[in-house]
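Visitor: First the structure, then my questions, so here it is.
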Amino acid sequence: MRPFERPFATTGQTDIASNAISSTAGLAAARQGALADVYALVASDFAAVNALIPRQLTSDVELVEEIGRYIVESGGKRLRPLLVLLGARACGYEGRNHVRLAAVIEFLHTATLLHDDVVDRSDRRRGRATANATWGNAPSVLVGDFLYSRAFQLMVELDDMDIMAILSDATNTIAEGEVMQLANVGNLALTEAAYMEVIRCKTALLFQAAAHTAGVLASDDADEISALRRFGLEFGLAYQLVDDYLDYAGDAELMGKNAGDDLAEGKLTLPLIRALAEAPPGDAQALRQAIQSCSAEALPQVLDVVRRCGALDYVRDAARRHADAALSSLAALPDTPYRDALETLARYSTARLS
């Protein structure tokens, strides 16, 4: 049995993974061990990415460096650059440009976080004050722009027009996804199909671009490239749907921040969209009133309705379908530990449902 054939091994933990994942007893520790094995497989590549990022954050403007380093070093699992490293190696790549490409993806992601926090007026992310809460909205937006431009400078150094086209198109579509989400705030008529398009553009597309460009960099095989592209998309959709599920699945007092914030901002995610469609008329009306009032105080009632009408089961099943699609796409890749690691990531995305 190869290392990644066991679903959630507990050996081989690395500092990268232990810093990225909060560990609790039992299953959570097993999940951490599984991810630790994945990170360990590309540990030297990952270390090179982590060394390159601060070198590329240099600027003659002190505030640019200060905010850039603050947000880049604020934690997170860095799954998107991880997909680049694993995807390239899964296609047999032995060069070094995948490290630069992974840094590009991380800069693009970090720029979107800066802009998201300004749009959402967020004051906390990953347990720390957001950049906009610390320095203000204007510096945060402008440093986000700096990170976008630095990412494109790095893309030019890759000297690959196909990769440039994929990433420039993705960046444009991600921005459209942000506007789509903003335009749908408080939209009680938002359909599941429309919401899935929002999360495809806003969230899943960067996962897709990370895996897709890794394939383009590493392989001339159209089937391998297509497999990685599909994996990134399906993985990204599953990951977002799991987040949607978790926002409504816990105890209101323990987990209410994310769902409560979304409710106060008038944001509808799939659990709420499904509940509006499936709940009895009285409950559906209560949901509509809660959304229209933009008050997190209604969260306990909203959680109760979402659970009773089967919306959470529906979202959980949808997440698992997308994770299964991600897994099936990998059949086109060579049978290597790197492919096994991608399979582990897909399983990890839905293991959080347990």
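Visitor: Can you list residue pairs whose Cβ atoms sit under 7 Å apart, with the first residue in the stretch 304-332 being closer than 19 Å to Ser354 by Cβ and touching a residue at least 60 places away in the same chain (Cβ under 8 Å) and the second being of a type in the set (S, T, N, Q) and crowded, with 19+ Cβ neighbours inside 10 Å? Count only pairs 6 or more apart in sequence or on different chains.
Guide: What qualifies is Ala319/Thr350; Arg320/Thr350; Ala323/Ser349; Ala323/Thr350.
Visitor: Which residues, counting only those in the stretch 290-299, are within 27 Å of the chain's Cα centre (by Cα) and either assigned to a helix (DSSP H, G or I) or closer than 14 Å to Ala275 by Cα (or both)?
Guide: We begin by selecting, within the stretch 290-299, every residue within 27 Å of the chain's Cα centre (by Cα); these are 291, 294-296, 299.
Scanning the stretch 290-299 gives Ile291, Ala296, Leu299.
Visitor: If you don't mind, another one. Checking Ser349 against (1) touching a Phe, Trp or Tyr at 6+ places or on another chain (Cβ under 7 Å); (2) closer than 17 Å to Thr269 by Cβ; (3) surrounded by fewer than 20 Cβ atoms within 10 Å (Cβ to Cβ), which test does it fail?
Guide: Unmet for Ser349, out of (1) touching a Phe, Trp or Tyr at 6+ places or on another chain (Cβ under 7 Å); (2) closer than 17 Å to Thr269 by Cβ; (3) surrounded by fewer than 20 Cβ atoms within 10 Å (Cβ to Cβ): (3).
Visitor: Just to verify a result, which residue in the stretch 161-195, among those that are assigned to a helix (DSSP H, G or I), over 19 Å from Leu101 (Cα atoms) and touching a residue at least 60 places away in the same chain (Cβ under 8 Å), is nearest to the chain's Cα centre (by Cα)?
Guide: The selected residue is Glu178.
Visitor: Out of the residues in the stretch 209-239 meeting the condition of being crowded, with 24+ Cβ neighbours inside 10 Å and closer than 19 Å to Leu270 by Cβ, tell me which one is modelled with the lowest pLDDT. Give the steps one after another, and end with the answer.
Guide: So in the stretch 209-239, the residues crowded, with 24+ Cβ neighbours inside 10 Å come out as 209-215, 218, 227-228, 231-232, 234-239.
After this cut, where a residue has to be closer than 19 Å to Leu270 by Cβ as well, the list is 234-239.
On the way: Glu234: 98, Phe235: 97, Gly236: 97, Leu237: 97, Ala238: 97, Tyr239: 94.
Among them, the one singled out is Tyr239.
Visitor: I'd like the residue in the stretch 146-168 that is touching a helix residue (DSSP H, G or I) at 6+ places or on another chain (Cβ under 8 Å), exposed (fewer than 14 other Cβ atoms within 10 Å of the Cβ) and of a type in the set (Asp, Glu) and, out of all such residues, is modelled with the highest pLDDT.
Guide: Asp162
Visitor: For the stretch 45-127, give me every one of the helices (runs of 4 or more DSSP H) that falls completely inside it and has 2 or more residues that are buried (at least 24 other Cβ atoms within 10 Å of the Cβ), in contact with a Ser or Thr (Cβ under 9 Å, 6 or more places away or on another chain) and free of Cβ contacts under 8 Å to residues at least 24 places away in the same chain.
Guide: Details: elements: 62-72, 79-90, 97-120.
Output list is empty.
Visitor: Exactly one of (1) within 28 Å of Ala189 (Cα to Cα); (2) within 24 Å of the chain's Cα centre (by Cα); (3) aliphatic (A, V, I, L, M) is unmet by Ala331. Its number?
Guide: With (1) within 28 Å of Ala189 (Cα to Cα); (2) within 24 Å of the chain's Cα centre (by Cα); (3) aliphatic (A, V, I, L, M) applied to Ala331, the lone miss is (1).
Visitor: Read through the list (1) at pLDDT 95 or above; (2) surrounded by 14 or more Cβ atoms within 10 Å (Cβ to Cβ), then give the number of the only condition that Leu287 fails.
Guide: (1) is the only condition that Leu287 fails.
Visitor: Restricting the stretch 300-324 to residues that are charged (D, E, K, R) and within 20 Å of the chain's Cα centre (by Cα), which is nearest to Ser349 (Cα to Cα)? Walk me through it before giving the result.
Guide: Let us first name the residues in the stretch 300-324 that are charged (D, E, K, R), namely 304, 307-308, 313, 316-317, 320-321, 324.
From what is left, the residues that are within 20 Å of the chain's Cα centre (by Cα) are 316-317, 320-321, 324.
Values: Arg316: 11, Asp317: 13, Arg320: 9, Arg321: 12, Asp324: 11 Å.
Ranking the qualifying residues of the stretch 300-324, first place goes to Arg320.
Visitor: List the number of the failed condition for Thr213; all other conditions in (1) at negative phi; (2) not in a helix (DSSP H, G or I) hold.
Guide: (2)
The values are calculated or read from the model by the stated rules, or taken from the named source; none is laboratory data. Not measured: the values here are computed from a predicted model. Glycine gets a Cβ as well: all are built from the backbone with ideal geometry, and neighbour counts include every protein chain shown.
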